[in-house]
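A.B. asks: Can you keep this structure in mind? I'll have questions shortly.
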Amino acid sequence: MVRFNKYPGGKSKAATMSFDDGNAADYRLVEIFNRFGIKGTFHLNSGLLHKGKRVAVEDIPTLYKGHEIAAHGVEHASLSHLPLHGMVQEILEDRRALEELSGYIIRGMSYANGINPPEAALAAKMSGIEYSRTTVSTKSFRLPEDFLLWHPTCKHLEAEEITKRFINATYSSGHLLYIWGHSYEFDNDNNWDLIERVCDMLASNDNIWYATNIEIYDYITASRRVHVSANGKILQNPTTTDVWFSNEGETLCIKSGETLYL
């Protein structure tokens with residue numbers, strides 16, 4: 001049976017990080033990620049970059065190189081306090097500013113203060129956002145059913161034990177570990193060693209794909225678009241992304257634009 005439970009290169013697991021607010025502690029966090037080969041997504045409030053201990057605007061393009069910059073609301077406003085058009089403005093203005101700073105299209109975000117009223121996903125979609133992370137920890141490694149309500153695995157405070165479980169899991173493929181948090185909390189709690197241990201556990205594992213949030217989104221979206229015949233013998237990949245899958249215990253790849261006969 002065809003199962004889309006593999007990541008690029010035929011890997012069985014994926015790991016991604018997600019940190020909010022653009023605090024100056026991101027300098028240290030990015031250095032740790034780079035040292036261990038971990039990828040992260042950093043959700044910034046463009047309207048607050050000149051306030052408090054934030055990443056310097058001029059450093060943004062180079063600091064987050066190899067990672068992803070994503071939206072978090074221009075003023076970090078709780079969306080539940082805004083009408084629909086206000087939600088759109090809060091998200092869209094953040095996108096515009098961050099695109100100017102990053103030089104690429106901003107397609108993802110996280111909900112400020114973890115607040116996502118029923119209209120929030122609609123506002124995000126209307127603003128050109130394709131995924132948005134919540135703060136609801138699942139403690140699981142499942143993929144999201146709805147990327148505009150993307151529930152992470154856990155916050156960084158719980159990450160050590162959950163990462164151990166993720167590393168040791170052998171019963172299934174397609175696992176995704178998604179850790180989120182705020183870099184300033186490592187300063188506040190004096191526990192930078194926690195994230196270093198987590199990254200050390202994850203690093204240099206041939207069976208893990210290290211990816212940003214948008215890379216996870218793009219790959220899973222592509223895999224869900226592959227057409228499979230009723231008897232499971234013909235696959236057609238209409239996307240621009242190579243997709244790996246398993247069939248009868250064998251790991252296979254269907255290339256971009258390919259029709260594959262099993």
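A.B. asks: Taking region 109-150 on its own, how many of its residues are in a loop (DSSP other than H, G, I, E, B), under 19 Å from THR212 (Cβ atoms), open to solvent by 10 Å² or more (accessible area, probe 1.4 Å) and among the aliphatic types (A, V, I, L, M)?
C.D. replies: The total comes to 1.
A.B. asks: Name the single residue that is least open to solvent (accessible area, probe 1.4 Å) among those in region 99-108 being in contact with an Asp or Glu (Cβ under 9 Å, 6 or more places away or on another chain) and among the hydrophobic types (A, V, I, L, M, F, W, C).
C.D. replies: So, considering only residues that are in contact with an Asp or Glu (Cβ under 9 Å, 6 or more places away or on another chain) and among the hydrophobic types (A, V, I, L, M, F, W, C), the one least open to solvent (accessible area, probe 1.4 Å) is ILE106.
A.B. asks: Quick check, is MET87 in contact with an Asp or Glu (Cβ under 9 Å, 6 or more places away or on another chain), in a helix (DSSP H, G or I) and either open to solvent by less than 30 Å² (accessible area, probe 1.4 Å) or without any contact (Cβ under 8 Å) to a residue 40 or more places away in the chain (or both)?
C.D. replies: Against the criterion (in contact with an Asp or Glu (Cβ under 9 Å, 6 or more places away or on another chain), in a helix (DSSP H, G or I) and either open to solvent by less than 30 Å² (accessible area, probe 1.4 Å) or without any contact (Cβ under 8 Å) to a residue 40 or more places away in the chain (or both)), MET87 qualifies.
Per-residue answers, yes or no, for (1) surrounded by fewer than 14 Cβ atoms within 10 Å (Cβ to Cβ); (2) not polar (S, T, N, Q):
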site: PHE166; (1), (2): no, yes
site: ASP187; (1), (2): no, yes
site: THR212; (1), (2): no, no
site: TYR217; (1), (2): no, yes
site: ALA230; (1), (2): yes, yes
site: GLN236; (1), (2): no, no
site: ASP242; (1), (2): no, yes
site: THR251; (1), (2): no, no
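A.B. asks: Another question, then. How many of the residues in region 73-84 are without any contact (Cβ under 8 Å) to a residue 40 or more places away in the chain and either assigned to a loop (DSSP other than H, G, I, E, B) or surrounded by 22 or more Cβ atoms within 10 Å (Cβ to Cβ) (or both)?
C.D. replies: Matching residues across region 73-84 total 7.
A.B. asks: Have a look at SER132, SER127, SER140 and point out the one that is under 23 Å from LEU48 (Cα atoms), under 17 Å from the mean Cα position of the chain (by Cα) and of a type in the set (Gly, Ala, Ser).
C.D. replies: SER132
Table: residues versus (1) at pLDDT 95 or above; (2) within 30 Å of HIS227 (Cβ to Cβ); (3) in contact with a Leu (Cβ under 6 Å, 6 or more places away or on another chain).
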site	(1), (2), (3)
LYS11	yes, yes, no
MET17	yes, no, no
ASP20	yes, no, no
ASP26	yes, no, no
SER46	yes, no, yes
LYS51	no, no, no
GLU58	yes, no, no
GLY73	yes, no, no
SER80	no, no, no
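A.B. asks: Please go through region 38-72 and give me each residue that is touching a Ser or Thr at 6+ places or on another chain (Cβ under 7 Å), in a loop (DSSP other than H, G, I, E, B) and either open to solvent by 10 Å² or more (accessible area, probe 1.4 Å) or hydrophobic (A, V, I, L, M, F, W, C) (or both), ordered by number.
C.D. replies: Answer for region 38-72, where residues must be touching a Ser or Thr at 6+ places or on another chain (Cβ under 7 Å), in a loop (DSSP other than H, G, I, E, B) and either open to solvent by 10 Å² or more (accessible area, probe 1.4 Å) or hydrophobic (A, V, I, L, M, F, W, C) (or both): LYS39, HIS67.
A.B. asks: Could you tell me whether any residue of region 2-11 is charged (D, E, K, R), part of a strand (DSSP E or B) and surrounded by fewer than 14 Cβ atoms within 10 Å (Cβ to Cβ)?
C.D. replies: yes
A.B. asks: Separate question: Being surrounded by 14 or more Cβ atoms within 10 Å (Cβ to Cβ), farther than 22 Å from ILE69 by Cα and at pLDDT below 95 is true for just one of SER223, SER173. Which residue is that?
C.D. replies: When all the criteria are applied, what remains is SER173.
A.B. asks: What about GLU196, is it within 20 Å of ILE162 (Cα to Cα) and charged (D, E, K, R)?
C.D. replies: It is true that GLU196 is within 20 Å of ILE162 (Cα to Cα) and charged (D, E, K, R).
The values are calculated or read from the model by the stated rules, or taken from the named source; none is laboratory data. Bear in mind that the values here come from a model prediction, so they are computed numbers and not experimental data. When we count neighbours, we look across all protein chains shown, and the Cβ atoms used for this are built from the backbone with ideal geometry, even at glycine. The area values use the complete protein model at the heavy-atom level, side chains included, leaving out ligands, DNA and RNA. Shrake-Rupley method; radii C 1.70, N 1.55, O 1.52, S 1.80 Å.
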